[in-house]
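The values are calculated or read from the model by the stated rules, or taken from the named source; none is laboratory data. Nothing here was measured: the structure is a model prediction, and the numbers come from that model. In this analysis, Cβ positions are derived from the backbone assuming ideal geometry, glycine residues included, and neighbour counts consider all displayed protein chains. Please note that ligands, DNA and RNA were not included when accessible areas were found on the heavy atoms of the full protein model with its side chains. Shrake-Rupley method; radii C 1.70, N 1.55, O 1.52, S 1.80 Å.
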Amino acid sequence: MAELVKAYHRVDESIRANRLCSPAQIDDGTVNPVSPLSRALGLSVSAFEIARRGQGDDVSATSLLAELSEQNLTHLRILSETIESFLAVNVLRNPSTNPVARETVKKRDIMTAQLFGVESEIAMIKLKDFGSNLLFQEDIFLFFADWLAFMAPGVAEASDILQLCYWAEVVKAVFVYKKVVKNASLESLMQGTAATSTSNSFKLAVSGMAMEDTRDPYARVPLSDSQLMMLRLVVDKYALAFLRKSIVLMHIRYGLDFECPYNIDTDAPELSRLAALLHMPSLDEVCGLYTTTGTGSDNLRRITKRWISQANMITEHESAHSYSIKMPHPAIFELVGLPKNYDTLTEEAIKRRCPTTGKEVTDPAVCLFCGDIFCSQAVCCMKEKNQGGCYQHMQKCGGKVGIFINIRKCMVLFMHGPGNGSYAHAPYLDKHGEPDPTLRRHHQLFLNQKRYDKLYREAWLNHMIPTVISRKLESDINPGGWETL
Ligand SMILES: [Zn+2]
Ligand SMILES: [Zn+2]
């Protein structure tokens, strides 16, 4: 963390030297091609991490890097090295006239201001004026990936920035969830969770952050012990997801070999193992640093205060619907839980009513993202002549992808974008282990969880739905019209 303070001074000087660009400098509207590239890398790493949550059968592995396949590794390395070479070539070649080089310098200044803040509030408002987000409006991991792409720091500096971004993620999680924790009825939530006591340094750090938080008059009322415990559980989840992504990125970017378990306790929780592998302080140690005295702590407090006051400024000017400080889901992504017996699903569909006619649901389909049951290809709920229930539901639920079970056909429907789709067998098998598409054999059908996870959940999490559909199209006669379903 001492290094961090040095890095902070170095960057702060560069801001004071007035290198932060004015709006006039960013008027040509050129998009730096490094931005989408580095987002692609950051999002690919995030997708890999999300798909591996709740998995990992290698008992000797110390981190999820053990699950990074050769193909994944190559793909991510190519992305990362493309960014590096592209930037190197462009920055070296006529830096004064080359637009990529110019844009990169600007982007660097903006990112520095986003992370460290600048002395005057005016400069931060200007930053908003030319379309840049404040730090908490960004996904902090993607911000870190951008930092590595644009700043091209050495390993030591990258590690310092990683620690600061890690702290930013923690502060952001506390900021977002403090209100939720205060309003939640904790008795029901805490049932089943082991009673763990939170550390004193975390408690102090949370009240320290509350002092900066001016959102509501109750902000300074300290949290109760059970509320603190709940908050800590949530913060740990976010910290864990952040470090899991970061270790993959550091491995890709710098080729660091983290599988060196010489002093790693394999029985320790994943969060402490990752912190040890990345040579980072534990969450409690950072909280401790935030609440003690010293130059490093003072700087950390100053930066934290800026983030929180910016976040306050954002929330004051926003309605609850367009809330721009968002946090991604930190837990395991699952498709909706299906009943063991197929008949239960049929009975459930009979109970539902069509919102248009109030009668039985026609051609019922269940969304595997949210579990909603609705009419699919039916006159009652058709909109704009040809938009069926699944298509309409996909637009508001999964966006561009959807997975449904058509209950009468006993088939899974994959959907992608406007106009693409394909059918597959539902994950239900009879006692002989065979599927029964269109339910012709009238056998009892039972859920096969392995098929469900392997064929549908993995296809979804690995972003394979468009691929599944297009592969199927090659072998099928495809009359189109998928949007009518
Ligand atoms: Zn849904
Ligand atoms: Zn209907």
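Can you order the peptides 175-183, 242-250, 71-79 by their average number of other Cβ atoms within 10 Å per residue, highest first?
Details: 175-183: 16.9, 242-250: 24.3, 71-79: 14.6.
Per-residue mean Cβ counts within 10 Å order the peptides as 242-250, 175-183, 71-79.
For the range 342-484, report the % of Cα-Cα distances exceeding 24 Å.
The calculated P(r) of the range 342-484 puts 29 percent of pairs beyond 24 Å.
Dividing the alpha-carbon radius of gyration of the range 393-450 by 2.2 N^0.38 Å (N being the number of residues), what value is obtained?
So the Cα radius of gyration is 1.27 times the expected 2.2 N^0.38 Å.
For the range 342-484, with all protein chains present and a 1.4 Å probe, just round the carbon and sulfur fraction of the accessible area to a whole percent.
Details: 4090 of 7780 Å².
Carbon with sulfur: 53 percent of the solvent-accessible area.
What distance in nm lies between label points placed 7 Å from Cα along the C-beta direction at Ser226 and Asp372?
For the pair Ser226/Asp372, the computed spacing is 3.4 nm.
Given a Förster distance of 45 Å, report the FRET efficiency between Asp453 and Arg77 from their Cβ-Cβ distance, rounded to the nearest 0.05.
0.95
How big is the accessible area of Glu70 in square angstrom, nearest 10, if you roll a 1.4 angstrom probe over the protein chains?
Taking all protein chains as shown, Glu70 has close to 140 Å².
How much length, in nm to one decimal, is gained on full extension between Arg471 and Leu92, taken as 0.36 nm per residue of separation minus their Cα-Cα distance? Provide the component values of the computation, followed by the final result.
On the way: separation 379, 0.36 × 379 = 136.44 nm, distance 4.34 nm.
Here the answer is 132.1 nm.
Let's test the formula: R0 of 51 Å, r as the Cβ-Cβ distance of Thr357 and Asn133. What FRET efficiency results, to the nearest 0.05? Don't jump to the answer; show the numbers that get you there.
Details: r = 46 Å, r/R0 = 0.89.
E(calc), rounded to 0.05, equals 0.65.
How far is it, in nm, from the label point at Gln387 to the one at Glu259 when both lie 7 Å from their Cα along the line to the Cβ?
Inter-label distance under the simple model: 4.9 nm.
What ranking of Tyr428, Tyr423 comes out by heavy-atom accessible area, probe 1.4 Å, highest first?
Correct descending sequence by accessible area is Tyr423, Tyr428.
For Lys431, give me every one of the lysines with a C-alpha distance below 16 angstrom, ignoring sequence neighbours fewer than eight places off in its own chain.
Those lysines meeting the cut-off are Lys340, Lys450.
Report the FRET efficiency, 1/(1 + (r/R0)^6), for Cys380 and Met464, where r is their Cβ-Cβ distance and R0 is 25 Å, rounded to 0.05.
It comes out at approximately 0.15.
In the range 307-401, how does Rg compare with the Kirkwood Rh, expressed as the Rg/Rh ratio over alpha carbon atoms?
1.14
Quick one: which of 134-142, 38-46, 272-280 comes out on top by average Cβ neighbours within 10 Å, and what's the full order, highest first?
Highest-to-lowest ranking by the protection proxy: 134-142, 38-46, 272-280.
Lys179: which lysines have alpha carbons under 24 Å from its alpha carbon, excluding same-chain residues fewer than 8 sequence positions away?
Leaving aside lysines fewer than 8 places away in the same chain, those within reach of Lys179 are Lys203, Lys237, Lys305, Lys326.
Ignoring ligands, DNA and RNA, what accessible area per residue does the range 342-484 give at 1.4 Å, in Å²?
I get 54 Å² per residue for this part.
Students sometimes get this wrong: rank Phe202, Phe374 by accessible area, probe 1.4 Å, all chains present, largest first.
Ranking Phe202, Phe374 by accessible area, largest first, yields Phe374, Phe202.
If packing is taken as the average count of other Cβ atoms within 10 Å, what order do 290-296, 391-397 fall into, highest mean first? Write out the running numbers ahead of the final one.
Working: 290-296: 14.7, 391-397: 18.4.
Ranked from most to least packed, the peptides come out as 391-397, 290-296.
Suppose each label sits 7 Å from its Cα in the direction of the beta carbon; what would the Ala268-Arg408 distance come out to in nanometres?
Simple spin-label model gives 5.9 nm for this pair.
Heads up, I need the accessible area for Glu270: 1.4 angstrom probe, whole protein in place, Å², nearest 10.
About 50 Å², rounded to the nearest 10.
If you count only protein heavy atoms and use a 1.4 Å probe, how large is the accessible surface of Met382, to the nearest 10 Å²?
We get 60 Å² for Met382.
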